[in-house]
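As structure tokens, the structure follows; a few thoughts come after it.
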Amino acid sequence: MISFPRLDSWNGVSEVATIVAIEEKKRILCRIPLKILHDKYGATTDTPMQSVSRHREVIQEAAKNAIENNNYQQDGSVLLSLANL
């Protein structure tokens with residue numbers, strides 16, 4: 001089972017939002033670049049986490065699918081793309 005505690009963060013330098021997934025006591029960082037948030041949800045540099053909050057269910061489902069399909073980056077994180085959402 002994959003759960004999503006509300007441990008979200010924004011990195012203004014790399015312009016990436018991160019949500020956390022937990023699977024079998026393992027923490028997986030799921031990253032969404034601002035460009036994707038902007039293209040899909042109209043997010044701006046001032047409102048990226050509001051977009052994550054508003055579209056949490058869709059983002060979590062995309063992250064869950066990526067994890068279940070073992071679509072990991074080299075560092076063990078999941079990078080969501082427009083195609084995932």
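The values are calculated or read from the model by the stated rules, or taken from the named source; none is laboratory data. Computed from a predicted model, the values in this text were never measured in an experiment. Glycine also receives a Cβ, built like all others from the backbone with ideal geometry; neighbour counts cover every protein chain displayed. Only protein heavy atoms, including side chains, enter the accessible area calculation; ligands, DNA and RNA are left aside. Shrake-Rupley method; radii C 1.70, N 1.55, O 1.52, S 1.80 Å.
Here is how the numbers come out for the structure above:
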quantity	calculated
Positions within the stretch 62-85 being surrounded by fewer than 17 Cβ atoms within 10 Å (Cβ to Cβ) and of a type in the set (D, E, K, R), in sequence order	Glu68, Asp75
Boolean, Thr47 is among the hydroxyl-bearing types (Ser, Thr, Tyr), open to solvent by less than 60 Å² (accessible area, probe 1.4 Å) and within 10 Å of the chain's Cα centre (by Cα)	no
Matching option when the condition is of a type in the set (Gly, Ala, Ser), assigned to a helix (DSSP H, G or I) and in contact with a strand residue (DSSP E or B) (Cβ under 9 Å, 6 or more places away or on another chain), among Ala43, Ala62, Ala17	Ala62
Set Ile36, Ile2, Ile19: member being touching a residue at least 60 places away in the same chain (Cβ under 8 Å) and open to solvent by less than 60 Å² (accessible area, probe 1.4 Å)	Ile2
